[in-house]
Amino acid sequence: MKKPIQVTKSSMPEFEEYIHEIKDIWDSRWLTNMGVKHRKLQEKLAKYLNVENVILFSNGHLALESAIAALELKGEVITTPFTFVSTTHAIVRNGLRPVFCDISQADYTIDTDKLESLITENTCAIVPVHVYGNICNIKDIDRIAKKYNLKVIYDAAHAFGVTVEGQGVASFGDISMFSFHATKVFHTIEGGAVTFKDKTLNEKINALKNFGITGAESVEYIAGNAKMNEFQAAMGICNLRNLDNEINKRRLIVERYRERLHGIDGIKLVQPQAGVNSNYAYFPIVFSGRALIRDDIFDRLKAQGIFARKYFYPLTNTFECYRYQYDAESTPIARYISERVLTLPLYADLEFDDVDRICNIIINRV
């Protein structure tokens, strides 16, 4: 059997480049607690994302939890069930109640035509999710949020480096959260960050990632530990240098998939969004008709050592911990897509021959 093809493979710098970057850590012995590498990466990310305020975290989930906590919200938060469960957990773990809005059939982001009808006197915020690198309808969300005086916290885990009409996604909403998990386009092994406009949040968010500590003898908040260490930051510094080249390689893979799968009956491809400069984070395909087709193709690929992903399936409002609180039938588009979507292997070093092999298995089945 040929070498297995995973759904993703982490991009990494040349070994010597990383060793060079971490070499001085052996001299300083400064391994964590916002050291030199941490500060260097933070500065470089602020420049790359064109924002003033960036705070790094040990992972994206704690970044989102802390972002929500910093705004001291109470009540209900409108969000989407078509996301990784981390989004929902971050809301609930802050003592808030998620209210699920259905998604758009065009790009699988939150359907802003349905959003306003879910707003009540208890609504305090919206947590939309940029999905697969597809960007939410930011103009409508901004309009609705201003109309009802709501906070907007974007889960931008899939959207690092994406721009909309020249504006980076890190500048949208009150806060945006990015995941730097090893599976992401840009990663720090594990890691995450938040970006935000209100500079007065700096001290509080920094405290929330460091046990609530605000001074040498002062702890103002009840919080945990979510600090990014120096080895994570060093990996991020290296990966950021190579990011544009990595994204271009991913673009070529996506173009090959589109060339092979375009116009095939029974397969829907998400169309590129106008004005959006993509990061080519994922390549989802949706199978029309019975959901069993998706599962059958998943199994056929797996039998050939090719590992796709049913992403996002199941919906978060159907997981055991939420199942009896919510009815997935209230978000029928999200449910339909979740039962038919498959994200195909996508990473910078994926060979065209392997893309063709994947496509042939799919085409021969549908």
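A compact table of results
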| item | result |
| --- | --- |
| Rounded, prolate or oblate (a/c below 1.5 giving rounded, otherwise prolate when a/b exceeds b/c) for the chain by Cα gyration tensor | oblate |
| Stretch gain in nm, segment GLN325-ASP27, where the contour uses 0.36 nm per residue and the Cα spacing is subtracted | 101.9 nm |
| Ranked packing of 7-16, 274-283, 211-220, most packed first, by mean Cβ within 10 Å | 274-283, 7-16, 211-220 |
| Fluctuation leader among ILE103, ILE126, ILE264 - the chain, Gaussian network, Cα springs under 10 angstrom | ILE264 |
| Globularity ratio of the range 249-291, using Cα Rg and 2.2 N^0.38 Å | 1.24 |
| Proximal charge balance of PHE178 [Cβ under 13 Å; K/R count +1, D/E count -1] | -1 |
| Per residue value of the accessible surface for the range 24-164 (all protein chains in place, 1.4 Å probe), Å² | 42 |
| Heavy-atom accessible surface of the chain: percent carbon and sulfur, 1.4 Å | 50 |
| Among LEU292, LEU115, LEU41, residue whose mean-square fluctuation peaks in a GNM of the chain (springs only between Cα atoms under 10 Å) | LEU292 |
| Mean separation of Cα contacts under 8 Å (6+ apart) over length of the chain, as relative contact order % | 23 |
| Stokes-Einstein D for the range 66-213, Kirkwood Rh over Cα pairs, 25 °C, 0.890 mPa s (µm²/s) | 158 |
| Computed helical MRE - 222 nm, the chain, DSSP H runs ≥ 4 contributing -39500 (n - 2.57), nearest 500 | -11000 deg cm²/dmol |
| Cα-centre dipole for the range 25-76 with unit charges at Cβ (Lys and Arg positive, Asp and Glu negative), debye to 20 | 340 |
| Most mobile listed residue (ASP265, ASP113, ASP142) in the chain, GNM with C-alpha springs under 10 Å | ASP265 |
| Simple spin-label estimate for ARG300 and ASN245 in nanometres, 7 Å along Cα-Cβ | 3.7 |
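The values are calculated or read from the model by the stated rules, or taken from the named source; none is laboratory data. All of these numbers come straight from a predicted model, not from anything done at the bench. All Cβ positions, even for glycine, are placed from backbone atoms using ideal geometry, and neighbour counts span all protein chains on display. Heavy atoms of the whole protein, side chains included, go into the accessibility calculation; ligands, DNA and RNA do not. Shrake-Rupley method; radii C 1.70, N 1.55, O 1.52, S 1.80 Å.
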